[in-house]
Every structure is written in structure tokens, then in C-alpha cells.
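These notes concern the structure reproduced below.
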Amino acid sequence: MEVLQLLISGMANGCVYGLVALGFVLIYKATEAVNFAQGDFMMLGAFVTLGLVNPEFMGIPFWFALPLVFVIMGAFGYLLDLVVLRAVFGQNQVAVIILTIALGFILRFSAGLIWGHEPMSLHSPLALGDVRLGDLVLGMADVAIIITTFLLTLALWQFFQRTKIGLAMQAASQNQMAAYYMGIPVKRVHGMVWALAGIVAAVAGILYASKGAIDPNAGFIGIKAFAAAVIGGFGSLPGALLGGLIVGIIEPFAARYLPAGWSQIAPYALLIAVLLFRPHGLFAQVRVKKV
Amino acid sequence: MRIHFKTSYDDDIRLFEDGWKLSLYAALLALMVALPWLIDDFYLGEATNVLIWATCGLGLMLLTGQTGQASLGHSAFMALGCYSTVLLMEAGVPFIVAFPLAGIITGIVGGLIAIPALKLHGVYLAIATLALAILTDDLIVMLEPWTGGVGGKFAPPITVFGLEVNRWSNPAAWYYMALIVVLVVTLFYRNLLRAPMGRAFAAVRDSEISAQAMGVNLARTKTIAFGMSAGITGLGGALMGLFAEVFNNETFTFILSIQLLMMIVVGGLGFIHGAFLGAIVISFLPQALSIITDGIGSNVAIPGLEIGVFGVIMILFILFEPMGLYGRWLKIRTFFQLFPFARKDMFRRQKSYLKTERLR
């Protein structure tokens with residue numbers, strides 16, 4: 001029973017990692033760049049929701065605020081691409097890596113300035129109540145996180161495989177110049193995927209904040225989400241979720257059964273092991289080109 | 001404008017282009033040597049700090065600026081250099097031996113780490129090195145018997161040839177020590193650039209495929225670059241820990257390696273001067289900020305202000321001056337040298353398009 005309890009709580013944590021990892025993978029899949037600020041996006045999404053919903057700020061009812069949050073975060077992602085990232089369009093990935101790390105610093109600083117550095121909790125309807133299944137006690141938030149994450153991953157996966165825009169996004173990343181020739185507005189597609197990543201980050205932020213308190217440094221879970229994305233195979237959406245689940249589940253078990261200190265190391269040790277033995281992750285996206 | 005009339009192949013690989021350059025750098029060296037008589041102890045300490053940052057920066061510059069591999073894990077090598085120096089000194093090895101030995105140890109470990117990391121490149125390498133930096137933080141805590149864990153370690157007193165080098169009683173000696181280290185490292189770096197290995201580094205950076213076609217062994221070159229880079233950064237880290245006098249796992253967090261990377265980008269990627277200019281920026285930024293906030297009249301320290309401002313500077317540089325401070329200087333110099341023939345587009349980058357790394 002204890003194992004099952006650990007498993008479920010690990011899965012809920014893992015889903016949050018998976019959602020952040022999903023943001024990385026979305027942007028990587030469409031623009032071939034990595035957004036090191038995705039964790040901070042998530043933090044921002046949570047704080048924007050908190051600013052709209054909590055009674056001490058604007059006090060808008062949660063379900064009304066939700067679409068508003070998505071619009072705000074989507075617009076934020078689009079504008080960010082328009083103003084900042086378009087300047088390094090077509091340049092190598094290191095420029096984008098440094099740029100997004102710097103962005104993360106700025107987001108963390110601004111969030112601290114606006115909402116303070118004390119942990120705050122979101123007044124979320126998901127945070128209330130437990131679900132009982134026999135001896136098992138599950139938080140409503142955990143259940144909501146797991147269900148939302150699975151549905152969102154499935155939807156995004158199908159979006160990339162089936163829809164015209166999704167295919168255009170994949171084409172834009174595989175070869176920018178060829179995508180232009182095929183009539184794909186590559187820059188606008190980039191803007192759209194950044195907006196989408198902003199929305200996914202908002203979902204992750206709301207779910208994360210429903211589980212517990214949020215503070216400006218919450219974005220650091222982005223690093224664990226990295227581990228998740230790499231373990232899954234950067235560029236694969238179901239892989240990101242699987243990687244998130246693995247990292248999330250390993251943590252509570254390492255904390256329970258291994259000597260102290262190992263639980264912090266476990267995700268990174270696993271990451272390095274995966275990079276050593278399967279350098280491109282479990283769902284490898286790298287193929288050798290046929291000539 | 002000076003015109004070089006080259007009469008031998010050696011002209012191309014001279015350390016200094018001509019007498020004028022040589023005299024400029026000699027004057028700079030004279031100024032650096034005279035510095036303890038020119039400024040007070042506080043600023044001498046700051047100058048030492050700049051030199052230490054510059055040493056670390058040169059290490060990362062060799063890897064990122066010269067070989068084109070981004071690393072977010074150099075704080076791990078700084079920690080390794082620092083702890084191995086101190087542990088060797090505690091085992092009774094004199095500082096003058098322990099310090100270079102620590103650099104060599106760090107270099108070898110760096111090279112060993114590079115072997116698996118070489119299968120990765122671009123994003124994967126950045127993430128693997130980031131994981132390494134985070135692991136180091138936890139490893140220092142776990143290896144408490146040697147590293148002192150969270151409680152940290154105190155730097156033992158340093159004696160070089162019977163002379164005690166102490167930060168408080170003898171700041172000039174510390175300054176000279178850092179100056180000598182940075183000089184040796186810079187000379188090493190400069191000489192490496194004109195040796196076949198340095199040329200191979202640049203070839204790998206500019207195009208891996210062309211480098212391979214020219215007979216450069218990619219794996220070997222990258223491993224050596226990683227090792228050398230780690231070694232130099234380890235020396236810098238040792239100086240940083242010893243200069244701080246107390247250090248623990250918090251001293252060498254992954255934030256430090258990100259700062260290091262940003263420092264060399266602000267200074268100018270791929271230029272030795274860039275490491276020094278970046279070091280000046282990163283050392284004096286906190287002072288400048290505190291002077292500004294005092295000037296506004298707010299006595300409340302804003303948490304995270306420094307790193308936030310650094311982020312803004314960083315973004316402005318990448319957007320408007322990707323070649324960094326030294327690149328800006330090059331442009332200004334070219335403008336005056338060619339006056340009035342300098343054109344605006346002389347430094348313009350070619351338009352480029354990305355292709356996926358997933359298809360190879």
C-alpha cells in the first residue's frame with residue numbers, strides 16, 4: 001500500500017515535470033532551440049493566475065480567470081518571440097540557450113519584485129479535498145494533475161502528427177530554408193509555438209501551485225524537467241511525459257529506500273546514465289539520413 | 001594606419017604583430033605591476049578578483065570561444081580544482097606544487113568526463129554539463145569526510161618560498177600571485193592558438209565536417225580542449241576558493257558556471273581580451289549597482305537585483321552586440337583605422353538558416 005501511495009504521489013510530481021518538459025519539447029520540435037526559461041514560464045503562469053484569482057489581488061473566480069490566464073501567457077510567449085528571439089533567428093543554438101537563461105533570471109527577478117519572495121498559495125478549487133479508494137488517500141490536485149497531463153500530452157501529440165500547423169511546425173524545425181520554399185511562414189510558426197509553450201507553461205503552473213505553495217524560485221524545477229525531456233528523448237512528446245514520470249517516481253522511492261542525499265542525485269545520475277548508454281534518449285528522434 | 005610588409009612565414013604567427021603592439025602590451029604589464037602603489041587595498045582586492053575571474057573565463061573561453069562547445073558545468077571543475085588544492089596542501093604538499101598539480105588533476109578528470117560527453121553536442125552537451133554541475137553540489141555534501149560538507153572548509157595559510165601570502169596582511173602578494181597565474185595562462189593560451197592544436201580547435205568550432213575533411217581527429221581534439229579548459233578553470237577555481245578563505249558546496253553552484261558563460265559572452269566570445277573585459281564587468285557590477293541604488297536613496301537591498309540586471313545586460317548584448325565588448329572595440333578601432341573608408345556593413349553577419357540536428 002505504501003508503495004502504491006509513493007507511486008501515485010511520484011506520478012503527480014512527475015506529471016508536473018512532464019508538463020514543463022512538454023514545453024521544452026514543443027519549442028525544440030518546432031524551432032530547434034531550447035528554452036532554458038521554461039521553468040520560469042511555469043512560475044510566471046502560476047503567479048499570473050494567483051494575481052487574478054487570489055482575493056488579496058483581483059479576486060476573479062477561478063474558472064473565469066482560466067481563459068484569461070491562457071490568453072495572457074499565450075500573448076506573452078508570442079511577444080517574447082517577436083521582440084527578443086527573432087533577433088537570433090537562424091543562428092546556432094548556443095545563442096538561444098544563453099538568451100533564455102538570461103530571460104529566466106529576469107523573469108525570476110521581476111516575479112520577486114511584483115509578488116515578493118515569500119511562498120504563496122493559490123486559491124484553487126483543485127487544492128481542496130481528497131479522493132479515497134479503499135486505504136488509498138489521493139489528493140484531488142494529484143488526480144487532476146495526472147488526468148490533465150495525459151489528456152494534454154495526447155492532444156498535443158495528435159496536433160503535431162495530424163494537423164496542418166503541426167506538420168508545418170515540424171517542417172520549420174527540420175530545415176528552415178526548405179520550409180520557406182514550401183510556403184511556410186517560418187517566423188510566424190515560431191511565434192505560434194512560443195505562444196503554445198506559454199499556455200502549456202500556464203497549465204503546468206496552475207497545477208503545480210494547486211499542489212502546494214509557489215515562490216519565484218519555483219522555476220528551478222525546470223532543471224529536473226530537463227532531465228525528464230532528455231531521458232525521454234528530446235523532441236518526442238510522449239517521451240517527455242514518460243521521462244517526467246520516471247524522474248517523478250524515482251525521487252520518492254530514492255528518498256524512502258536509499259541513504260540520505262541520494263534522492264536529490266537520483267534524477268541527474270539517471271540522466272547521465274541515459275546520456276551514456278542511449279545518448280538520444282529512450283524515444284530517440286535521431287535518424288541517419290538516407291543519401 | 002600601420003601596414004605590415006610580411007617577409008617570412010614567421011610574421012603570421014608572431015606573438016605580437018609589430019613593435020607598436022609589443023610596446024602597448026609592455027605598458028599594460030608595467031601598469032599592472034605598478035598597481036599596488038597606485039590604488040588602495042580595497043581596490044587591489046577587487047583587481048585580484050578580476051584576475052581570478054579572468055583565469056576562470058580563459059578556461060571556459062578555450063572550450064566555448066575556441067572550440068565551440070557550450071558548457072554549463074564549469075563550476076564543477078572550479079570546485080574540483082579548489083578542493084584538490086586544499087586537500088593536497090592539508091596532506092603536506094607545499095602550495096607551489098599543490099596548485100599546478102590540482103590543475104593537472106582537474107584537467108585529467110575533465111578529459112575523462114569529456115570522453116562520454118563527446119557523443120553529445122549542442123543542447124545535449126549543455127544539459128549533461130549542467131547536470132554535472134548540479135551533481136557536484138550534492139557530491140560535495142555527500143563526501144563530507146573530505147570536503148567538510150555544508151560546514152565548508154577554511155583555506156590553509158599559503159606560503160610561497162617562505163613568504164606568506166595572506167589576503168589581509170599582504171594584499172599585494174596575493175595580487176602578484178593572481179597576476180602571475182593569469183600571465184602564465186594567457187601566454188599558454190596565446191601560444192596554443194598558433195600551434196597546430198589551437199588551429200584544430202578553431203577548425204572544429206567553425207565546421208566539424210570541414211575539420212574532419214582536413215584530417216582533424218574530432219574526438220581527440222574535443223577531449224583535449226575539454227581537459228585543458230577544465231584544468232585552467234580548475235586553477236581559477238582554486239584561486240577563487242583560496243581568496244574567499246572559506247568555501248563550501250554553496251560557493252560552487254551551477255549559477256557560477258552560468259555567470260561564467262555570460263561573462264565571456266559579454267566580454268566577447270573567442271577573444272582573449274573578451275575574458276578580461278567580461279571579468280571586469282562581472283567584478284564591478286555589484287559595486288556599480290550598490291552605488292546606483294544608494295544614489296537613488298533606497299537603503300533596502302533588492303534581492304536578486306544583481307543577477308536580474310546581469311540578465312538584462314546579457315540580452316542586450318546578444319541582441320545588439322553579439323561579439324561582445326571586445327567586438328565593439330574592434331568595430332570602433334576599424335572605423336578610425338580606415339577613416340573615412342569604414343562601411344557600416346563590414347561586420348554584418350551572413351544570413352543563416354538552421355537545420356535539424358535530429359537528422360544526420
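Among the residues making up region A:1-34, those that are over 21 Å from A:P267 (Cα atoms) and in a helix (DSSP H, G or I) are A:E2, A:L26, A:I27, A:Y28, A:K29, A:A30, A:T31.
State whether one or more residues within region A:171-187 are touching a Ser or Thr at 6+ places or on another chain (Cβ under 6 Å), part of a helix (DSSP H, G or I) and hydroxyl-bearing (S, T, Y). Looking for residues that are touching a Ser or Thr at 6+ places or on another chain (Cβ under 6 Å), part of a helix (DSSP H, G or I) and hydroxyl-bearing (S, T, Y), one finds at least one in region A:171-187, hence yes.
For region A:229-242, taking the residues that are within 12 Å of chain B (Cβ to nearest Cβ) and within 15 Å of A:G23 (Cβ to Cβ), the one that is surrounded by the fewest Cβ atoms within 10 Å (Cβ to Cβ) is identified as A:S236.
The residue that is farthest from the other protein chains (Cβ to nearest Cβ), counting only those in region A:103-139 that are assigned to a helix (DSSP H, G or I) and surrounded by fewer than 17 Cβ atoms within 10 Å (Cβ to Cβ), is A:P125.
Scanning region B:282-293 turns up no residue that is surrounded by 20 or more Cβ atoms within 10 Å (Cβ to Cβ), within 14 Å of chain A (Cβ to nearest Cβ) and polar (S, T, N, Q). Residues in region A:16-44 that are modelled with pLDDT of 90 or more and either over 26 Å from B:L72 (Cβ atoms) or over 11 Å from the mean Cα position of the chain (by Cα) (or both): A:L44 alone. The residues listed here are B:T159, B:T129; of these, the one that is more than 9 Å from chain A (Cβ to nearest Cβ) and modelled with pLDDT of 85 or more is B:T129.
Residues in region A:78-102 that are β-branched (V, I, T) and at the interface with chain B (Cβ under 7 Å from one of its Cβ atoms): A:V84, A:V88, A:V94, A:I97, A:I98, A:I101. Residues in region A:205-222 that are among the charged types (D, E, K, R) and within 12 Å of chain B (Cβ to nearest Cβ): A:D215 alone. Filtering A:A225, A:A201, A:A172 for residues that are within 14 Å of another protein chain (Cβ to nearest Cβ), at pLDDT 85 or above, within 23 Å of A:M42 (Cβ to Cβ) and buried (at least 24 other Cβ atoms within 10 Å of the Cβ) leaves a single hit, A:A225. Taken as a whole, the condition of being closer than 18 Å to B:G227 by Cβ and not in a helix (DSSP H, G or I) applies to B:S71. Number of residues in region B:251-286 that are farther than 23 Å from A:I97 by Cβ and free of Cβ contacts under 8 Å to residues at least 60 places away in the same chain: the value is 2. Considering the conditions (1) closer than 23 Å to A:I223 by Cα; (2) at pLDDT below 90; (3) assigned to a helix (DSSP H, G or I); (4) not acidic (D, E), A:V143 is excluded by exactly one of them, (1).
In the condition set (1) modelled with pLDDT of 85 or more; (2) within 14 Å of chain A (Cβ to nearest Cβ), B:F335 is compliant with all but (2).
The values are calculated or read from the model by the stated rules, or taken from the named source; none is laboratory data. These numbers were taken from a predicted model, which means no experiment stands behind them. Here the Cβ is made from the backbone with ideal geometry for all residues, glycine too, and neighbour counts use every protein chain on show.
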